[in-house]
Amino acid sequence: MVTLPTEAIGSIPRTEKLMQAQRQFDAGEIDAKVMATFYDEAVQLTMQELEATGSPIITDGEQRKTHSFATYSVEGGANFAPDGLEIPFQDGHVRRLPRLTAGPFRFILSASVSLASAKLYTQRPMKQAIISVSALSLFYPPEAIPGYSREDFLEDLVNEQEKEIRACFVAGAQKVQIDFTEGRLALKLDPSGSILNGFIDLNNRVLDRFSDEDRQCIGIHTCPGADHNSTHSADVDYAELLPSLFELKAGNFYIAMAAEAEPDRALRIIARYLKPRQRAFIGVIDVNHPHVETPEEVCQRVLEAARYIPLEQLGTTDDCGFSPFCDDIYTSRKNAFAKIRARVLGTEMASEQLTSKLSARHD
């Protein structure tokens, strides 16, 4: 029997009630204790709706990640300024990272804290998404910080992420997913590949601290960005990223594919470079498109991927989270859950068809 695993990436559009409360909190109209009740309510509701999609493993929808999937760990830090690196998206809007102004670097919030709270609301297995050390490394400015070298910063950064991953497992995560959306962006910033190679090495500094068994429960997510139905690096050739991607010492890879112009080409590259004991979760849902895929469309995408990737190394996912930034309202919660439900059903449908084909072949 073929049973292909299927997992979401992480974020679900925030409820309108939560977004309104966040605006009030930012304006100083409500305090942290009141804000916490809004987070609890949004997390519980989101997890109930994820369970209703039939998802075998769920997240908390990143409802507690205050402003974005990238900055949750440092928001409110006194040693940060708002004028960091700008990331332009293809529709013209820009996201800006915070800039570290002084050392030492420490996480203010670990994703493990959110996970521990969310576990109270479900009996299902849970995964936890965290931001990569390579993305966080972009917080350090081009000029040196007096008394705090870049190498000192990177060592602190690696230590902090190791602690976060271990804490997520202790809190009950079945999977920990590292969001590496800057992988493709690195090639846009530096086509020579030097920045990408540095990112790979930096993430491996973290992954090297874990056992082979642990790394089978750690994953890497890559996509060209998803914000306001736009991307930051979809124009970068996947062939420039994918061979290097599998040099990361993780057991699972969540790879955007549904929105790719040449999926067959990308799938062939994945099949060539995927290592033993690595699983490729192929994106079968385009999170930037308003069309809600049917289970049949998903099934077809899965069967196409199965032409190239061994079934024991294949899984399905969404191309990205549905709302990595808190103010992204371009996808409704209704559509997000409908797309997830289609992924679950379409993956089951493909599993059944692949099982039938295998049975017929053995007969």
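Relative to the longest principal axis of the Cα atoms of the chain, the long axis of helix 32-52 lies at roughly 10 degrees. Post the alpha-carbon centroid distance, the stretch 278-306 to the stretch 121-139, in whole angstrom. About 22 Å separates the Cα centre of the stretch 278-306 from the one of the stretch 121-139.
A straight chain from E16 to R96 at 0.36 nm per residue would run longer than the Cα-Cα distance by 26.4 nm. Of all the options R279, R209, R333, the one that moves most in a Gaussian network model of the chain with Cα springs shorter than 10 angstrom is R209.
I need to check one value: relative contact order of the stretch 44-134, counting alpha carbon pairs closer than 8 Å and at least 6 residues apart, in percent.
Relative CO of the stretch 44-134 lands at 33 percent.
Taking Cα atoms only, the orientation of helix 263-273 departs from the longest principal axis of the chain by about 80 degrees. Its relative contact order, with pairs defined as Cα atoms under 8 Å and 6+ residues apart, puts the stretch 261-363 at 36 percent.
Calculated FRET efficiency, Q174 and D83, Cβ-Cβ r, R0 41 Å, to nearest 0.05? Before the final figure, lay out the partial values.
Numbers: r = 39 Å, r/R0 = 0.94.
After rounding to 0.05, the efficiency reads 0.60.
Under a model in which nothing but the beta-carbon of Lys, Arg (+1) and Asp, Glu (-1) is charged, the stretch 234-319 shows a dipole of about 620 debye around its Cα centre. Does anyone have the angle between helix 150-170 and the longest principal axis of the chain? Alpha-carbon axes, 0 to 90°, nearest 10? For 150-170 against the chain, the angle is about 50 degrees. Here each label is just a point 7 Å from Cα along the line to Cβ, and for Q216 and T122 those points are 2.3 nm apart. Take every Cα pair under 8 Å whose residues are at least 6 apart in sequence, average their separation, divide by the length of the stretch 16-362, and the relative contact order is 15 percent.
Read-outs throughout are calculated quantities, based only on the coordinates presented, and are distinct from any laboratory measurement. None of these values were measured; they are calculated from a predicted model. Reconstructed Cβ throughout: ideal geometry from the backbone, glycine too, with neighbour counts over all protein chains shown.
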